[in-house]
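Participant: Could you have a look at this structure, given as structure tokens, before my questions?
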Amino acid sequence: MLMLAPMRSELRPLVRLTGGRPDRIGGVAVHIGRTGRAAVTAAMIGVGPEAARRSTERLLDAGAFDHVVVSGIAGGVGHQAPVGELVTPAEVEDLSNGRRFTPTTLGYHPPAGVLSTTAELIVDEGAVAALVERGVVALDMETAAVAEVCEERGRPWSVFRVVSDRPEDGLLDQGVFELLELDGTVNLTRTLRYVLAKPARLGPLARLGRDAAAAARKAARAAVSASATL
């Protein structure tokens, strides 16, 4: 079992729940642990489709994994996926080309809706409304890339995402997005400049951080619990 998390904050709860110990596979830092009878390798793959694709390729080329699970946060779209909602999609879409992938159902969470993967932050009201009309319930930046690599190699895959924010809440914009490093950690210098330029940003930024941390923990619990059923 290979569990993938884009950001360090999403990886930490996976490692804690599986009792993972540090190791390396294919030059990628991983943690080896267990859930139920399943051996688990947990790894961080980075933010965005390109980073996710490269990391997943290296890991699958280097290790014999019978199932791949993506765990992490997502942006909710419309009213079907409020903050804190677990998303186990029926389909995952690559917004760059429209290609769709079907995850393997894992555990007892019924699949529903479409999770779309995009390399860009989407906050425009018209664009969000168009996504809702097409059945999209949440957005992320990695799952379609992971799915493509898995399907190229004939590996089953599943995804557990929890909504941490929604475009209509106005908490996330390009300025906030640019505060993050590739591994999802916050660049403190850029963050300080961002807050000092407009101190009123501090409250929404703190809320976004709290909601993201809670969502990462919930996604990890769902992923680990479902994986224990294998």
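Participant: Mind listing just one residue for me: the one in region 175-198 that is among the polar types (S, T, N, Q) and assigned to a helix (DSSP H, G or I) and, of those, farthest from Ala119 (Cα to Cα)?
Facilitator: Across region 175-198, the extreme among qualifying residues is Thr189.
Participant: May I pose another question? Checking Leu179 against (1) in contact with a Phe, Trp or Tyr (Cβ under 7 Å, 6 or more places away or on another chain); (2) of a type outside the set (Ser, Thr, Tyr); (3) under 30 Å from Val40 (Cβ atoms), which single condition isn't satisfied?
Facilitator: Checking Leu179 against (1) in contact with a Phe, Trp or Tyr (Cβ under 7 Å, 6 or more places away or on another chain); (2) of a type outside the set (Ser, Thr, Tyr); (3) under 30 Å from Val40 (Cβ atoms), the one that fails is (3).
Participant: Here is a further query. Please enumerate the residues belonging to region 34-55 that are touching a residue at least 12 places away in the same chain (Cβ under 8 Å) and more than 17 Å from Leu106 (Cβ to Cβ). Spell out how you get there, then give the answer.
Facilitator: Narrowing region 34-55 to residues touching a residue at least 12 places away in the same chain (Cβ under 8 Å): 34-53, 55.
Selection gives Ala43, Met44, Ile45, Gly46, Val47, Gly48, Pro49, Glu50, Ala51, Ala52, Arg53, Ser55.
Participant: While we're looking at this one, here's another question. Find the residue count for region 3-36, including only residues that are outside any helix (DSSP H, G or I), within 17 Å of the chain's Cα centre (by Cα) and closer than 10 Å to Ala223 by Cβ.
Facilitator: Looking only at that region, the number is 3.
Participant: Name the one entry in Arg217, Arg201, Arg207, Arg221 that is surrounded by 15 or more Cβ atoms within 10 Å (Cβ to Cβ), in a helix (DSSP H, G or I) and more than 17 Å from the chain's Cα centre (by Cα).
Facilitator: Going through Arg217, Arg201, Arg207, Arg221 in turn, the sole match is Arg201.
Participant: Something else about it: For residues that are touching a residue at least 12 places away in the same chain (Cβ under 8 Å) and more than 16 Å from Trp157 (Cα to Cα), tally how many sit in region 76-98.
Facilitator: 12
Participant: Additional query: So the check is Cβ under 9 Å with 6+ separation or different chains; which pairs have a first residue in region 125-142 that's in contact (Cβ under 8 Å) with a residue 40 or more places away in the chain and within 15 Å of Ala81 (Cβ to Cβ) and a second one that's of a type in the set (Asp, Glu) and in a helix (DSSP H, G or I)?
Facilitator: Taking only residues 6 or more apart or on different chains, the pairs are Val128/Glu168.
Participant: Looking only at region 55-83, filter to residues that are within 20 Å of Val132 (Cβ to Cβ) and touching a helix residue (DSSP H, G or I) at 6+ places or on another chain (Cβ under 7 Å); which one of those is modelled with the highest pLDDT?
Facilitator: Only one residue fits best here, namely Ile73.
The values are calculated or read from the model by the stated rules, or taken from the named source; none is laboratory data. This structure is a prediction, so every number in the text was calculated from the model and none was measured. Positions of Cβ are generated from backbone atoms using ideal geometry, with glycine treated the same way; all protein chains shown enter the neighbour counts.
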